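Take a look at the structure set out below.
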Amino acid sequence: MKKISKTARTQLKLYFTIIPITVCVILLFIFFTRYKVLELSKENLVMRSQKRVLEINDWAENVLRELNLYLLMVEELGIDNEETLRILNTSYQVNPSYPNGLYWGDVSGHYYDSSGWKPEADYVPAQRQWYREGLEHEIFAFGSPYVDAMTHQVCVSASVRVGEGRQESVLAADVYLDYASQLVDEILKADVVQSAFFVSEENMVIVSSDEEMIGVSLDQEGLSPLYSGVKSLLHEEHRELKQVRDGRNIYYVYISEIENTDWYFVSCMRWEDILGELRQVEVPMAVIGILAALLIVIVTRNFSVELSAVIRKAKTDPLTKILNRDGFREMVMLGMEAHPNQGVMIIIDMDNFKSINDMLGHPEGDEVLKNFAALLERYFNRNKDITARIGGDEFAVFVGREITREETDIMLNKFMELFRTEFASKYSEQGLSISLGVAPNKDDISYTDLYKKADKALYKVKDAGKDGFGF
């Protein structure tokens, strides 16, 4: 009996040792798994949000750039000119973002609309919001959003002052936000994102996954705690991922500013949606024990690896295998932060590349792009050099080390000669050459301004006859 009792005591001791350890391991694993899933979901939310912000930034910049081209023509010809009115008429139905085209009004009550719309006799342009906003703008800029009385859609006027004094008038266009709605729909395809919307500086919801919220002010009483919490976060200086409580629900909220506008992009995911499915497997995991825990660790690690691979792929140009526009922007911004006020940005455009596609076919054109990317990689191969294809036949290089103007001239002259040797002579019949715009990284310049300076320098070179570089 003593032996049996001793055996039983040994077994009980073993059970009371193994079971608590197993329970602790499982609980720790569940906690760790929840933490990792939550962190990965947060990163996913930020990554998807930043991608949509870059897309809406590009859209807004393109709309304003196109409208400012009209402004240049109007200023050159004068508003009281039949040719000017003909140019304004060409804006009608030319861009889906402002389908009704341009309209114009002055302080004397004159009004012209390229869509053919005729206002009532008591319509006074100078009393309209678009007119008052336009007086403050020297180039086209977005004003405050409003609900269009005819379409019941939220839109925003882009307007600009034309002329001075008695000749003062305003040119404007109503810009609709269908593209922003499309981006909201796209981000909601990710299961992790529960809600997404655009908000103006005046706290008005201008685009939302919840159609009932469109046109609603966040200042309005009776809104859910989620929207009230977002309102309190909007005007904070530092915007990282924040928590907002809505009753028993916890939301993670990411807010981004949109360049060239006074809008914010808000994306939200609910804690319960992230971990809800995980709870269903917690009891089976407790039964399965340590082996199941180890298996989930492996699955989680593989998921992380796959997600990293997806992120890397998203930042790489599929044809040339060098960075794409998004990857270039991220890497250059990191380089500028680590080594401020040193290096140069170079934007490169392949002149007459279309002739290669037209005369020799697109497969040959693709080979030219891949070979040119390989040349960039070979030539700009130092530790802090970054190369990318930013679209079509346009490439970019960031030389992140200290380099003088004289050294830059020598470096680019050698590169031009190398290009002529490897490409220009082979495609002389097509007139293939390259134009380069160069901008030095100095005076704590931002990435966006550095890029714009290099791009401006590029177009000066192209206007001067191409096949060269300029600062």
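The values are calculated or read from the model by the stated rules, or taken from the named source; none is laboratory data. This is a predicted model, so every value here is computed, not measured. Backbone-built Cβ (ideal geometry, glycine too); neighbour counts: all protein chains shown.
Of the set (1) of a type in the set (Asp, Glu); (2) in a loop (DSSP other than H, G, I, E, B); (3) at pLDDT below 90, all apply to Glu186 but (2). State which residue is modelled with the lowest pLDDT when the search covers only the range 134-169 and only residues that are among the acidic types (Asp, Glu) and over 22 Å from Glu201 (Cα atoms). Looking at the filtered set, the residue picked out is Glu164.
Conditions tested, residue by residue: (1) of a type in the set (Phe, Trp, Tyr); (2) closer than 23 Å to Cys155 by Cβ; (3) surrounded by 12 or more Cβ atoms within 10 Å (Cβ to Cβ).
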position	(1), (2), (3)
Glu75	no, no, yes
Leu85	no, no, yes
Tyr92	yes, yes, yes
Ser97	no, yes, yes
Asn100	no, yes, yes
Ser115	no, yes, yes
Pro119	no, yes, yes
Val124	no, yes, yes
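Annotation: Gly437 fulfils all but one of (1) under 19 Å from Glu330 (Cα atoms); (2) within 25 Å of the chain's Cα centre (by Cα); (3) crowded, with 17+ Cβ neighbours inside 10 Å; the unmet one is (1).
Contact map, the range 206-227: residues that are of a type in the set (Phe, Trp, Tyr) paired with residues that are in a helix (DSSP H, G or I), Cβ distance under 8 Å, separation 6+ or inter-chain. Pairs shown: Tyr227/Met213. Being of a type in the set (A, V, I, L, M), more than 20 Å from the chain's Cα centre (by Cα) and either in a helix (DSSP H, G or I) or surrounded by 15 or more Cβ atoms within 10 Å (Cβ to Cβ) (or both) holds for only one residue in Val193, Val199, Val170, Val175, and it is Val170.
Looking at the range 104-161, which of the residues that are aromatic (Phe, Trp, Tyr) and in contact with a helix residue (DSSP H, G or I) (Cβ under 9 Å, 6 or more places away or on another chain) is nearest to Glu212 (Cα to Cα)? For the range 104-161, the residue satisfying everything is Tyr146.
Taking only the range 98-128 into account, find how many residues are free of Cβ contacts under 8 Å to residues at least 60 places away in the same chain, in a loop (DSSP other than H, G, I, E, B) and of a type outside the set (Val, Ile, Thr).
Initial filter on the range 98-128 (free of Cβ contacts under 8 Å to residues at least 60 places away in the same chain): 108-128.
Checking the rest, the ones that are also in a loop (DSSP other than H, G, I, E, B) come to 108-110, 114-124, 128.
Within this subset, residues satisfying the condition of being of a type outside the set (Val, Ile, Thr) are 108-110, 114-123, 128.
Here the count works out to 14.
Which of the residues that make up the range 372-409 are in contact (Cβ under 8 Å) with a residue 40 or more places away in the chain and of a type in the set (Lys, Arg)? Result: Lys384, Arg389, Arg401, Arg405. When every residue of the range 129-137 is checked against the conditions, at least one turns out to be surrounded by fewer than 13 Cβ atoms within 10 Å (Cβ to Cβ) and either in a loop (DSSP other than H, G, I, E, B) or in contact with a Leu (Cβ under 6 Å, 6 or more places away or on another chain) (or both).
Taking Asp409 as the residue in question, decide whether it is more than 27 Å from Pro318 (Cβ to Cβ) and modelled with pLDDT under 90. Judged against the criteria, Asp409 is not a match.
Residues to consider are Lys414, Lys456, Lys466, Lys426; find the one that is farther than 26 Å from Gly365 by Cβ and among the basic types (Lys, Arg).
Numbers: Lys414 fails: farther than 26 Å from Gly365 by Cβ; Lys466 fails: farther than 26 Å from Gly365 by Cβ; Lys426 fails: farther than 26 Å from Gly365 by Cβ.
When all the criteria are applied, what remains is Lys456.
Quick check: anything in the range 303-313 closer than 27 Å to Leu54 by Cα, modelled with pLDDT of 90 or more, touching a helix residue (DSSP H, G or I) at 6+ places or on another chain (Cβ under 8 Å) and aromatic (Phe, Trp, Tyr)? Give the derivation first.
Step one: of the range 303-313, the residues closer than 27 Å to Leu54 by Cα are 303-313.
From what is left, the residues that are modelled with pLDDT of 90 or more are none.
No: the range 303-313 contains no residue that is closer than 27 Å to Leu54 by Cα, modelled with pLDDT of 90 or more, touching a helix residue (DSSP H, G or I) at 6+ places or on another chain (Cβ under 8 Å) and aromatic (Phe, Trp, Tyr).
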